[in-house]
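**Student:** Got a structure for you, questions after.
Where a number appears in this text, it was derived from the coordinates with a stated rule and is not lab data. Quantities reported herein were computed from a predicted structural model and do not represent experimental measurements. For neighbour counting, all protein chains shown are included, and Cβ atoms are generated from backbone atoms with ideal geometry for every residue, glycine included.
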Amino acid sequence: MAEKSEKKPAAKPRARATTAKPAATRAAAPKAPARAAVAARPVAKRTVARKRTAAPAAGAPAEQFTWRRLRRKTKVGVVVSAKMAKTITVEVGRQRQHPLYKKVIRVRKRFAAHDEIGDAKAGDLVRIQESRPFSATKRWRLVEVISRAGEAGAAAPRVADVEKLLEAAEGSGAILAPEREDEEQEQGEESKE
């Protein structure tokens, strides 16, 4: 019987070595001489290999532009609201095909963009670029104002002004009916000749 009890403790430490138990439960159990030798062995901790990033040299300047900053998305849209401080709402439109009906539909989305200077006004055509979060909703910033609201309209003459200029150049201030009579008389003279 004594031989059997000696063999059992020799088999159990192997099972305990694979399953880690807290040290408090091991200390509370009565130890046989073989168990004490196994428990005294230090358990090696597992280490996880981590990737190391290349640290810049102490004298070298830190890179300001990384590949992510160079590949930031940009969008062109119209400012629909410039009422908030340092914030504009830009509506960007795009066209896509409906997945089932295959019709081209117009999709619009609004983005809150950071405008530090307060340069953009409602109606302006602007370019925005993705950036760090400025607030809970702002992840874009204003890059440039492409065209101002009303610039094209102010530069182009109005239709009424063009008509007046044409009338003054032609000298036709009279009613159209006498012009027809004049044309008929000219055609009659031409036919006689």
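**Student:** May I ask you to derive the FRET efficiency for Lys86 and Val162 from their Cβ-Cβ distance with R0 = 41 Å, giving the value to the nearest 0.05?
**Tutor:** 0.50
**Student:** Cut-off is 10 Å between beta-carbons; in what order do Val80, Val90 appear when sorted fewest neighbours first?
**Tutor:** Listed from fewest to most nearby Cβ atoms, that is Val80, Val90.
**Student:** What length, rounded to one decimal in nm, is gained on full extension from Glu186 through to Leu70, with 0.36 nm per residue of separation minus their alpha-carbon distance?
**Tutor:** In short, 34.5 nm is gained.
**Student:** Follow-up question, since we're still on this one. Decide, for the range 76-152, between rounded, prolate and oblate: order the square roots of the alpha carbon gyration tensor eigenvalues as a ≥ b ≥ c, take rounded if a/c falls under 1.5, and otherwise choose prolate if a/b is larger than b/c, else oblate. It would help to have the intermediate numbers written out before the result.
**Tutor:** On the way: a/c = 2.67, a/b = 1.56, b/c = 1.72.
Cα axes put the range 76-152 in the oblate bin.
**Student:** Under 1.5 on a/c is rounded, so check that first for the range 80-122, then, if it is not, pick prolate when a/b is larger than b/c and oblate when it is not; a ≥ b ≥ c are the square roots of the alpha carbon gyration tensor eigenvalues.
**Tutor:** Prolate.
**Student:** Beyond a 27 Å Cα-Cα separation, which of these cross-linked pairs lie in this structure: Lys121/Lys164; Lys86/Lys109; Lys102/Lys138?
**Tutor:** Lys121/Lys164; Lys102/Lys138, as the Cα separations exceed 27 Å there.
**Student:** Using 7 Å Cα-to-Cβ label points, what is the Arg96/Ile146 separation (nm, one decimal)?
**Tutor:** About 2.0 nm, to one decimal.
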